[in-house]
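Written out below as structure tokens is the structure these notes cover.
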Amino acid sequence: MSNIVDVPVGPQHPALKEPLNITCYVDGEQVVGAKLRIGYNHRGIEKAGEYQTFIQNLYIAERICGICGIVHAFDLAQATEHIIGKEIPRRADYLRTIGLELNRIHSHLLWLGVAAHEIGFDTLFMYVWRDREVVMDVIEDFTGNRVTYALVTIGGVRRDLPQEKAEKMLRVMDALEETVKKYKEMCLNEKTIRMRCDGVGVLRKEDAIALCAVGPTIRASGVPFDIRADDPHAAYDEIPFKVVTYDTCDVTARILVRIDETLESINIVREAIKKMPSGPIRARLPRAVPVGEGVGRTEAPRGEVIHYVRSNGTDRPFRWKVRAPTLANLLSIPVMLTSKGDYVVYIADVPITFASIDPCLSCTDRAVKFVDVSSGKSWVWTFSQIKRMYWKDKPCWRERP
Amino acid sequence: MEGEAVIQELIDVLRTLLFPGFLFFVILGLFFEWIDRKFYAKLQNRVGPLYTGPWGLLQPLADFVKLMAKEDIVPEGAIKPIFSSVPVFALALSLFAALFLPVCGPQGIVSFPGDVIVLAVVLTLLVILVFLGGLSPASRYPEVGAERSVLQLLGYEIPLVASILGATAMTVGLGGSLSIEGIVNAQRDWWSILGFQALGFAIFLLAAQAELERVPFDIPEAETEIVAGWTTEYSGKKLALLRLARDVELAFLCGLGATLFLGGPWPGPLVPGLGGAIVSTIIFVIKSIVVLLLLTVIRAAMSRLRIDQMVNFAWKYLVPLSIFQLLLAVVVAPLMIHLLTL
């Protein structure tokens, strides 16, 4: 036990596409402990949001994450509509649902490719990403953009889905279903994948609940926790779907949860197109949002995203808070990476274990910690303390009663 | 008389330096890297190297030249003499090993009884170099890579040597010999792979894949785990030489597979005169490419194993199988030949 070396993984490391530091304490090839450090990618998005109008913020929100962009725009719009307190047209709800689900399909396929790359299976990576292009094309056809869709707006959506495009989308969904089933077969039967993923990165059900994991991470630990089912929003209350869970709690379970969810999403898109009512796609809502607080939450591909918005009666938010799913899932990483009894973690398992939560750090990094560099002391300031110390002489930020 | 001797000497030097010696194998190595990349890309539905030269043929060379021109950094804590000499030795050893291959006739440039053993030693020495190259820069990722490479060697060395020795069984009917030349000549009418050696060939392919550190055995340089493994700290000229050494080693191992199991240059040497050498060379290269394509398919069809899984797999399956095939080749096959000829 005396020969423990700390191996830093990140903030620059080929396995991580984004900056984060995992210090692994390694004894030979075994990882005996891990420590996380985030905060390399703080972009000040929330602060930037305070200077822009609600409408402008939608487009900033979309850029919080390059993969699940629509989720953040949707959440912010939802939170804003929550403050205003007006219903939006039903058709817009359905169109938003289609957007969210297409987004989930592309995100899960992207993740499957990345996971394959992490275990050194580049062929699967290339094939999955090739087939993911099909979804990207559908998304472009629907919203006009491949990545930042700019679909959601406050009060509805900005683009309608005409009949012929919907039919094309259905055809693509059929073809896609076949492909995804093929990949499921492959992941279940390919020996080397199973060797690398079975029993790796185990997060037991109790730990998952205690550490507040979200999304596929907690569902792969056997907890049916899905905001779409638990707190139906958009059109999820009218569309039946299954919350996929697996109970082997390892990386294989996370792979299978995501693949099965992709299949569910394909069904949701079909249902949504079938059930979509006709009518307007957007309600005109006031630019200036009344005083109040609003919350938007939805199930992003990675887990639950929460947006909190506080308005002081102007057209700009007084405070905007985003909680991305990776922040909730990060806590379970040290647990997954610690060898305990029969459960042994090897260095080789670190990348795939970390990737299995589908981390997105640029979405996550918004925590600020106050540190006195000279003494190394760190502390936490509450909102009102900061306000008292620094905001006194800034009338534009003053909260209206 | 003296003049003839000088000319003979000169021819030998040219043979070693140009064809079928160093230059030939450097070019063959780069060419094989291109085939490997192109075929790997085809299997993955990509295009692979495309722009440098016709069909991207010059891409490996361009990579080499680019790396040669890059800044060469030596880490501060490195044991500099070892760190700097590993790439040179790796290239030298690979090229040395390649001299034994019977490219343009049943005999390599260097040939003596027992050279098969020398080749086995060279293959192990190459891994020792990997170990030194990983330990000398005093950095964490290379250190892990070096440890892994030696662990991996424990797994595949015995199967590799056993499969090579199994190939020598072909020479039993011809009085027995431990030389490449003997093995090649024994396959004049009947390639080893067509007999009891098919299993040996399969074992050789897997062991060669491990020796070359390619998926599923690219554990010592696993990119997503330990950056570039034991090569992490190498840059510039040293990295260029290491990559070239790897290419030559790839060509060498493919050639060795072709020599031991696919009959080497046969039936090329049947053609008389200079034509025989040319035909032999072409046949040898084609057979090597067949081995290379098999290696590439293995690389494309699997994911990387963990080091413990690799060693487990090697000791549970590869080692017993290789001993079995050695028995088959050395005991059963000669017995059957004996019975058949009675």
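The values are calculated or read from the model by the stated rules, or taken from the named source; none is laboratory data. Worth saying up front: this structure is predicted, and the values here are computed from it rather than measured. Note that each Cβ is placed from the backbone with ideal geometry, even for glycine, and that neighbours are counted across all protein chains shown.
For A:Glu177, which of the numbered conditions (1) in contact with a helix residue (DSSP H, G or I) (Cβ under 8 Å, 6 or more places away or on another chain); (2) closer than 18 Å to A:Gly303 by Cα; (3) at pLDDT 90 or above fails to hold?
The single condition A:Glu177 does not satisfy is (2).
Tell me, which residue of segment A:315-350 that is polar (S, T, N, Q) and either in contact with a helix residue (DSSP H, G or I) (Cβ under 8 Å, 6 or more places away or on another chain) or not in a loop (DSSP other than H, G, I, E, B) (or both) is nearest to A:Ile60 (Cα to Cα)?
In the first step, residues of segment A:315-350 are kept if they are polar (S, T, N, Q); the result is A:326, A:329, A:332, A:338-339.
Checking which are either in contact with a helix residue (DSSP H, G or I) (Cβ under 8 Å, 6 or more places away or on another chain) or not in a loop (DSSP other than H, G, I, E, B) (or both) leaves us with A:326, A:329, A:332.
Values: A:Thr326: 19, A:Asn329: 24, A:Ser332: 29 Å.
My answer is A:Thr326.
Test of understanding: among A:Ile193, A:Ile227, A:Ile239, which residue is surrounded by 18 or more Cβ atoms within 10 Å (Cβ to Cβ), of a type outside the set (S, T, N, Q) and within 14 Å of chain B (Cβ to nearest Cβ)? Before the answer, list the steps.
Details: A:Ile227 fails: within 14 Å of chain B (Cβ to nearest Cβ); A:Ile239 fails: within 14 Å of chain B (Cβ to nearest Cβ).
One residue alone meets the criteria, A:Ile193.
Please go through (1) among the β-branched types (Val, Ile, Thr); (2) modelled with pLDDT of 90 or more; (3) in contact with a strand residue (DSSP E or B) (Cβ under 7 Å, 6 or more places away or on another chain) for B:Val227 and return the number of the only condition it doesn't satisfy.
(2)
Can you find a residue that is under 26 Å from A:Ile55 (Cβ atoms), surrounded by fewer than 17 Cβ atoms within 10 Å (Cβ to Cβ) and within 20 Å of the chain's Cα centre (by Cα) anywhere in segment A:139-146? First the steps, then the outcome.
Here is the first cut: in segment A:139-146, the residues under 26 Å from A:Ile55 (Cβ atoms) are A:139-146.
Now drop any that are not surrounded by fewer than 17 Cβ atoms within 10 Å (Cβ to Cβ), which leaves A:140-141, A:144-146.
Filter once more, so that each one left must be within 20 Å of the chain's Cα centre (by Cα): A:145-146.
Yes - at least one qualifying residue is present in segment A:139-146.
How many of the residues in segment A:185-240 are among the hydroxyl-bearing types (Ser, Thr, Tyr) and farther than 20 Å from A:Tyr343 by Cα? Break it down stepwise before answering.
At the first step, the residues of segment A:185-240 found to be among the hydroxyl-bearing types (Ser, Thr, Tyr) are A:192, A:217, A:221, A:236.
Remaining after also requiring farther than 20 Å from A:Tyr343 by Cα: A:236.
Of the residues in segment A:185-240, 1 are among the hydroxyl-bearing types (Ser, Thr, Tyr) and farther than 20 Å from A:Tyr343 by Cα.
Which one is nearest to A:Ile119 (Cα to Cα) among residues in segment B:262-311 that are among the hydrophobic types (A, V, I, L, M, F, W, C) and in a loop (DSSP other than H, G, I, E, B)?
Step one: filter segment B:262-311 for residues among the hydrophobic types (A, V, I, L, M, F, W, C), giving B:262, B:266, B:270-271, B:274, B:277-279, B:282-286, B:289-295, B:297-298, B:300-302, B:305, B:307, B:310-311.
From what is left, the residues that are in a loop (DSSP other than H, G, I, E, B) are B:262, B:266, B:271, B:302, B:305.
Values: B:Leu262: 33, B:Trp266: 41, B:Val271: 49, B:Met302: 10, B:Leu305: 8 Å.
Selected residue: B:Leu305.
Could you tell me which residue of segment B:196-229 is nearest to the chain's Cα centre (by Cα), considering only residues that are free of Cβ contacts under 8 Å to residues at least 24 places away in the same chain and more than 11 Å from every other protein chain (Cβ to nearest Cβ)?
Here the residue is B:Ala202.
If you go through segment A:332-382, how many residues are loosely packed, with under 15 Cβ neighbours inside 10 Å and hydrophobic (A, V, I, L, M, F, W, C)?
Final tally of qualifying residues: 8.
Hey, could you check segment A:248-296 for residues that are within 25 Å of A:His307 (Cβ to Cβ) and free of Cβ contacts under 8 Å to residues at least 60 places away in the same chain and say which is surrounded by the most Cβ atoms within 10 Å (Cβ to Cβ)?
A:Val257
When both residues are 6+ apart or on different chains and their Cβ atoms are under 8 Å apart, which pairs have a first residue that lies in segment A:197-211 and is on the phi > 0 side of the Ramachandran plot, and a second that is of a type in the set (Lys, Arg)?
A:Gly201/A:Arg254
Please tell me if B:Glu225 is among the charged types (D, E, K, R), touching a helix residue (DSSP H, G or I) at 6+ places or on another chain (Cβ under 9 Å), surrounded by 21 or more Cβ atoms within 10 Å (Cβ to Cβ) and assigned to a helix (DSSP H, G or I). Walk me through how you get there before you give the answer.
Working: among the charged types (D, E, K, R): yes; touching a helix residue (DSSP H, G or I) at 6+ places or on another chain (Cβ under 9 Å): yes; surrounded by 21 or more Cβ atoms within 10 Å (Cβ to Cβ): yes; assigned to a helix (DSSP H, G or I): yes.
So B:Glu225 passes the test.
Taking B:Ala138 as meeting all but one of (1) part of a helix (DSSP H, G or I); (2) surrounded by fewer than 21 Cβ atoms within 10 Å (Cβ to Cβ); (3) at pLDDT 80 or above, write down the number of the exception.
The failed condition is (1).
For segment A:59-82: of the residues being of a type in the set (A, V, I, L, M) and surrounded by fewer than 23 Cβ atoms within 10 Å (Cβ to Cβ), which is farthest from A:Pro232 (Cα to Cα)? Steps first, please.
Initially, segment A:59-82 is screened for residues of a type in the set (A, V, I, L, M), giving A:60-61, A:64, A:67, A:70-71, A:73, A:76-77, A:79.
The next check asks that each one be surrounded by fewer than 23 Cβ atoms within 10 Å (Cβ to Cβ); those that pass are A:60, A:67.
Details: A:Ile60: 25, A:Ile67: 23 Å.
This residue is A:Ile60.
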